Amino acid sequence: MIEGTPLPSIDDPLDAPFWQAARRGKLVVQRCGACSRWRFPPRPMCPTCQSLDHRWEPVSGEGRIWSFVVPHPPLLPAFAQVAPYNVIIVELAEDPSIRMVGNLVTAAGGPINEIDPATITIGTPVRVVFQQVAEDVALARWVVA
Ligand SMILES: [Zn+2]
């Protein structure tokens, strides 16, 4: 991990189950308890049926690159030192409308600038890996499947 990288808050009851699963190397997504629609990012109410009932379910961790960007300065100091790097948006296999943001790397602990952004292709199959970045925080990252 890059020195100075901001870490997510993992104690919010709304998304704590996501972070707890990530620490175990599992990807979970919130799902409506009434209509079973997946939703991400987590929120209290289903945008389809307005139910407050929900559960967390494991997903395969497989998806495809839906889009990507190459951030340029000005960036947070921790990221400015490693630019250029990639930020990809992954659509999940279970529901392509569920999209997660992360970095494409070659292995869980790989640096975010190890893959030349010019080689990234939209539609590439990817799978999730988890990098432990603090004692109780693991981040989802993506490798080519
Ligand atoms: Zn619903």
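Since every read-out is calculated from the coordinates, none of them should be taken as a lab result. What you see is a predicted model, and the numbers here were worked out from it, not measured in a lab. All Cβ positions, glycine included, derive from the backbone under ideal geometry; neighbour counts span all protein chains shown.
Details
- Among the residues listed as Pro17, Pro71, Pro41, the single one being in contact with a strand residue (DSSP E or B) (Cβ under 8 Å, 6 or more places away or on another chain) and assigned to a loop (DSSP other than H, G, I, E, B): Pro71
- Qualifying residue in the stretch 6-13 (condition: among the hydrophobic types (A, V, I, L, M, F, W, C), over 26 Å from Val82 (Cβ atoms) and surrounded by 13 or more Cβ atoms within 10 Å (Cβ to Cβ)): no
- Taken over the stretch 112-124, the residue count meeting the criterion of being surrounded by 12 or more Cβ atoms within 10 Å (Cβ to Cβ) and in contact (Cβ under 8 Å) with a residue 40 or more places away in the chain is 4.
- Residue selected from the stretch 34-51 under the condition among the hydrophobic types (A, V, I, L, M, F, W, C) and more than 15 Å from Leu92 (Cα to Cα), by the criterion farthest from the ligand (Cβ to nearest atom): Met45
- Taking (1) free of Cβ contacts under 8 Å to residues at least 60 places away in the same chain; (2) surrounded by fewer than 16 Cβ atoms within 10 Å (Cβ to Cβ); (3) basic (Lys, Arg) in turn, Arg127 satisfies each apart from (1).
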